[in-house]
Amino acid sequence: MALALRALEMHGQRMWERERVVRTLSFMQRHAMTDLVLHESDLVHQVVYPREYFDPYALWSDLPSRSGENAIFNRRAYLDHVIALAREAAVRVWVNVKEIGFSDEVLAIHPEVFKHGAICPSEPFWNEYVHAKTDELFTDFGGLAGMIVSMGSQESRTSRAQNRCHCALCEREPLTAWYARLVSVMHAAATRHGKRVAVRDFAYKPADHEPLIAAMAQAPADVIFCLKAMPHDFYVTFPDNPAIVRRTRPQWIEYDVMGQFFGWGVMPCFVLEDLRARVPRWLDAGIEGAIFRIEWERINDLDALDTLNETNLVAAAALARGEDIDAVEVCRRWLASRSWDGRAAPWLAGILERTLPIVRAAAYINDFVSADNSMLPRSIQRAWWGMESRDALAVWDPSRAADLDLDRDKLARYLAEKEHALAAARALVRDVRAPAAGVDPDVHASIEAQFAFYDTWIEGLAITARVCLYARWAARPSDVTAADLEAFDAALRELERYATRAKAIAADSRIPHQVIMLVDPRRALDVLREGRQSLDAARALSSA
């Protein structure tokens with residue numbers, strides 16, 4: 001069964017590069033994808049004034065009515081052009097934004113929204129402002145299909161979900177009512193132009209979900225509910241988003257094929273098996289569309305079409321069309337798109353199918369998110385904070401609640417997980433360097449280059465995870481032994497050697513900056529410094 005909407009999402013600077021948009025639309029045509037999503041948090045006020053508040057024809061006495069007005073004119077012309085390119089490719093275009101968003105000039109004309117150091121999201125002005133700018137967007141860009149909006153994000157300029165303003169208005173209005181009101185305002189502006197609105201979930205904890213789900217129950221029936229495949233964010237070890245249930249309203253799913261949390265494609269990770277497991281469950285829930293994200297806005301000069309992770313998008317597009325595709329066929333299509341010999345497909349499929357288990361075991365500890373957006377953890381403390389609080393798995397799967405309460409058996413299992421990941425990565429890289437007979441040399445050279453730092457990255461994740469585990473264990477003086485402290489010390493010495501090698505990588509200007517971010521010697525040294533402090537404290541306790 002095919003999904004009606006099979007969308008590709010650009011979520012970074014490349015949406016502003018014509019050549020990259022053309023390349024993306026070409027991929028979409030080849031793979032029968034239907035919609036292009038342009039995701040930038042403040043996109044609307046980058047292309048509209050709105051004219052109800054700011055005059056684009058005003059004569060300057062000191063500053064223009066909107067700062068950077070020529071940049072606004074440029075982006076307006078560019079967005080029109082992208083919509084025209086998409087129309088020629090038979091692709092619809094959506095914008096994906098976070099609300100409430102606004103330009104700084106709004107604060108000058110409505111200073112009442114700024115209260116006690118916070119921007120109040122409940123002031124009545126926002127109703128008229130959001131309506132005006134949404135109306136102007138669809139007035140000026142009639143070729144847009146609609147808007148996808150997140151109102152529960154920490155990344156918008158203001159939102160009730162941020163809980164920063166505690167004025168009487170915010171205290172009086174329930175969060176559900178605030179969501180419902182803003183949805184109603186945007187829906188009214190969009191439907192005036194025959195456009196659709198989709199509301200995204202954005203929830204760190206189950207309690208964050210509840211008010212938005214309740215608000216959506218009150219929303220007009222044609223408002224789409226757009227849900228991340230996993231709760232909170234695109235963590236491949238997490239269960240399905242619990243908000244994915246059969247409803248009467250249209251629902252879409254978002255899925256990241258680029259790999260914000262599994263190596264960015266800089267380090268290949270093939271997620272076909274994860275998609276093959278999830279897509280049938282989406283269909284069972286009556287999901288009508290899926291949006292596949294190919295880039296992450298926090299990294300420049302990179303998207304999935306640059307890397308082997310394009311195979312994830314090939315697989316996703318096929319599954320969304322209702323095909324039951326396997327890894328060999330995905331690789332055959334990927335090779336064919338580059339006019340390469342398809343006889344390499346079985347070898348490449350065998351390589352790629354080994355990547356996801358390795359990444360799961362290295363970037364996560366027993367499925368808990370220990371890496372920082374695929375990078376080494378910034379500190380031991382932040383690694384545990386991520387696993388236990390910010391990116392907590394246990395709040396979405398209560399059966400895992402005790403998994404991070406270390407005992408000796410768990411410590412041994414989690415340490416072994418890292419050793420197995422590193423051994424598997426090294427074996428994989430050896431096999432990449434020795435291809436099967438008959439693999440075209442050009443194909444082999446390209447694949448080998450993409451695995452050049454793979455085992456180095458896995459090693460950094462494995463060592464820092466071991467240090468984080470030993471640091472937590474060493475804080476239990478009644479359980480820790482002299483052998484444990486020696487093993488902790490050995491892990492720190494290993495991390496120091498790793499940091500030295502990572503420094504050499506970072507000093508090489510031929511190596512892309514994304515690789516350097518993933519093996520970052522500064523992060524390694526930060527973890528090393530904190531680990532030594534932890535070890536010193538544990539030794540002092542043991543000798544006291």
TODO: Could you pull out every one of the helices (runs of 4 or more DSSP H) wholly within segment 38-113 that has 1 or more residues that are under 27 Å from the mean Cα position of the chain (by Cα)?
DONE: 43-47, 69-88
TODO: Can you confirm whether segment 479-489 contains a residue that is in a helix (DSSP H, G or I), within 31 Å of the chain's Cα centre (by Cα) and surrounded by 21 or more Cβ atoms within 10 Å (Cβ to Cβ)?
DONE: no
TODO: Answer yes or no as to whether residue 465 is among the aliphatic types (A, V, I, L, M), assigned by TED's automatic domain parsing to the domain that holds residue 413 and touching a Ser or Thr at 6+ places or on another chain (Cβ under 9 Å).
DONE: yes
TODO: Could you identify the single residue in 382, 390, 430 that is surrounded by 15 or more Cβ atoms within 10 Å (Cβ to Cβ), basic (Lys, Arg) and assigned by TED's automatic domain parsing to the domain that holds residue 463?
DONE: 382
TODO: Looking at (1) out of contact with any Gly (no Cβ under 9 Å at 6 or more places or on another chain); (2) under 28 Å from residue 512 (Cα atoms); (3) surrounded by 21 or more Cβ atoms within 10 Å (Cβ to Cβ), find the lone condition where residue 317 falls short.
DONE: (2)
Open item on the list: Restricting to segment 86-136, give me the number of residues that are small (Gly, Ala, Ser) and touching a helix residue (DSSP H, G or I) at 6+ places or on another chain (Cβ under 7 Å).
Closed with: 5
Open item on the list: I'd like the full set of residues that are touching a Lys or Arg at 6+ places or on another chain (Cβ under 8 Å) and in contact (Cβ under 8 Å) with a residue 60 or more places away in the chain, limited to segment 42-63.
Closed with: 42, 44, 45, 47, 48, 49, 50
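Within segment 271-282, can one find any residue that is touching a strand residue (DSSP E or B) at 6+ places or on another chain (Cβ under 6 Å) and under 24 Å from residue 218 (Cα atoms)?
Yes; the residues of segment 271-282 include at least one that is touching a strand residue (DSSP E or B) at 6+ places or on another chain (Cβ under 6 Å) and under 24 Å from residue 218 (Cα atoms).
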TODO: Please verify whether segment 267-288 includes one or more residues that are assigned to a loop (DSSP other than H, G, I, E, B), surrounded by 21 or more Cβ atoms within 10 Å (Cβ to Cβ), within 12 Å of the chain's Cα centre (by Cα) and touching a residue at least 60 places away in the same chain (Cβ under 8 Å).
DONE: no
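Can you tell me which of 458, 463 is in contact with a Phe, Trp or Tyr (Cβ under 6 Å, 6 or more places away or on another chain) and either of a type in the set (A, V, I, L, M, F, W, C) or under 27 Å from residue 370 (Cα atoms) (or both)?
463
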TODO: Considering only residues that are outside any helix (DSSP H, G or I) and at pLDDT 90 or above, look in segment 435-446 and name the one that is surrounded by the fewest Cβ atoms within 10 Å (Cβ to Cβ).
DONE: 440
Task: Pairs where the first residue, in segment 362-374, is assigned by TED's automatic domain parsing to the domain that holds residue 393 and the second is in a strand (DSSP E or B) and among the aliphatic types (A, V, I, L, M), C-beta under 9 Å, 6+ apart - done: 363/369; 374/267
Open item on the list: Six or more apart or on different chains, Cβ atoms under 7 Å: show the pairs whose first residue is in segment 406-423 and farther than 12 Å from residue 365 by Cβ and whose second is modelled with pLDDT of 95 or more and surrounded by 14 or more Cβ atoms within 10 Å (Cβ to Cβ).
Closed with: 420/361; 422/458; 422/459; 422/462
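Can you tell which of 347, 396 is assigned to a helix (DSSP H, G or I), surrounded by 15 or more Cβ atoms within 10 Å (Cβ to Cβ) and at pLDDT 95 or above? Can you show your working first?
Numbers: 396 fails: assigned to a helix (DSSP H, G or I).
Exactly one residue qualifies, and that residue is 347.
Name the residues in segment 507-520 that are buried (at least 17 other Cβ atoms within 10 Å of the Cβ) and aliphatic (A, V, I, L, M), would you?
Residues satisfying the conditions are 515, 516, 517, 518, 519.
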TODO: Please name all residue pairs, on different chains or six or more residues apart, with Cβ atoms under 7 Å, provided the first residue is in segment 327-339 and is among the charged types (D, E, K, R) and the second residue is surrounded by fewer than 21 Cβ atoms within 10 Å (Cβ to Cβ) and assigned to a helix (DSSP H, G or I).
DONE: 332/342
Open item on the list: Tell me yes or no: at least one residue of segment 171-188 is within 26 Å of residue 66 (Cα to Cα), touching a helix residue (DSSP H, G or I) at 6+ places or on another chain (Cβ under 9 Å) and among the charged types (D, E, K, R).
Closed with: no
- [ ] Quick one: residue 292 ticks every box in (1) under 18 Å from the mean Cα position of the chain (by Cα); (2) assigned to a helix (DSSP H, G or I); (3) touching a residue at least 60 places away in the same chain (Cβ under 8 Å); (4) not assigned by TED's automatic domain parsing to the domain that holds residue 435 except a single one, so which number is it?
- [x] (2)
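Take segment 154-187 and flag every residue that is in contact (Cβ under 8 Å) with a residue 60 or more places away in the chain and in contact with a Lys or Arg (Cβ under 7 Å, 6 or more places away or on another chain).
Hits for segment 154-187 are 155, 156.
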Task: Condition broken by residue 162, with the remaining ones in (1) surrounded by 21 or more Cβ atoms within 10 Å (Cβ to Cβ); (2) within 21 Å of the chain's Cα centre (by Cα) satisfied - done: (1)
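The values are calculated or read from the model by the stated rules, or taken from the named source; none is laboratory data. All values derive from a computational prediction rather than experimental measurement. Note that we place each Cβ from the backbone using ideal geometry, even for glycine, and neighbour counts take in every protein chain shown.
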